[in-house]
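Working notes, structure below.
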Amino acid sequence: MKQVARGVQRSLPVLAWLAAAVLSLPVQAAEGSVELGAGVPTVKDVEQGLFPDDVCEDLKASGFKCMGFKPPVRFVLPTTSFQVGSSALPDGLKKQLDVFAQVLKGKSGSARAVRIEGHADASGTPEVNEALSLRRAEAARDYLVSKGVSPDLLKPVGMGSKALAVGDQPMSPKNRRVEIGREQPPQSP
């Protein structure tokens, strides 16, 4: 019995480390989406999520054959980021966008277009929500441009309250968000 207790005691630091690692991972939301919540992604996560085809190009440049890549993902930036009726970027969202700016500074070309979707909850009329969500997307785009990203790379789109993150709770703060993903998926090698 003492051996079992010692074994469990020795395993606790490893289990604590594993739990911390799992809890720090971004949450997989809808298929092909990663919900960041209040977390800040790494440059590598954003790079591989938006531009998985670049990994293939790196392999080819090193003399290896690329057999394919994961599809790009859409990043859901923090779930409670915007105040009702506001397009002002909260500080937490700016920290996340700073990482996206690092990745996007070196990218260009129409095949690399990045779609920035603004979303609203259902607290306003469809017309008001459409305009507000577009302002949110444009605020995110303008912030990225201020950090050195080419405006030609970024495509802001207002979704209004048509694509609620929490459909059964139309007024949920989780519906007020920005999502960033590839405009068009890359072609397989």
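A few remarks follow.
- Prolate/oblate/rounded call for segment 44-128, Cα gyration tensor, a/c under 1.5 rounded: prolate
- For segment 48-134, the share of accessible area belonging to carbon and sulfur comes to 55 percent (1.4 Å probe, ligands and nucleic acids excluded).
- Taking all Cα pairs closer than 8 Å and separated by 6 or more residues, the relative contact order of segment 58-189 comes to 38 percent.
- The residues of segment 50-181 present an accessible area of 48 Å² per residue when probed at 1.4 Å with all protein chains retained.
- Segment 82-147 shape via C-alpha gyration tensor axes, a/c threshold 1.5: oblate
- Cα→Cβ-extended label distance, 7 Å offset, between Q83 and D152, nm: 3.8
- Formal net charge of residues neighbouring L59 (Cβ-Cβ distance under 15 Å; K, R +1; D, E -1): -2
- For K107, a cut-off of 22 angstrom between C-alpha atoms picks up these lysines, skipping any fewer than 8 places away in its own chain: K44, K60, K70, K94, K95, K147, K155.
- Global form of segment 89-189, assessed from the alpha-carbon gyration tensor, a/c cut-off 1.5: prolate
- With a simple spin-label model that places each label point 7 Å from the Cα along the Cα-to-Cβ direction, the separation between R115 and K162 comes to 1.0 nm.
The values are calculated or read from the model by the stated rules, or taken from the named source; none is laboratory data. From a predicted model like this one, the values you see are computed outputs, not experimental measurements. Cβ coordinates were reconstructed from backbone atoms using ideal geometry, including for glycine residues, and neighbour counts include every protein chain displayed. Ligands, DNA and RNA are excluded from the accessible area calculation, which covers all protein heavy atoms including side chains. Shrake-Rupley method; radii C 1.70, N 1.55, O 1.52, S 1.80 Å.
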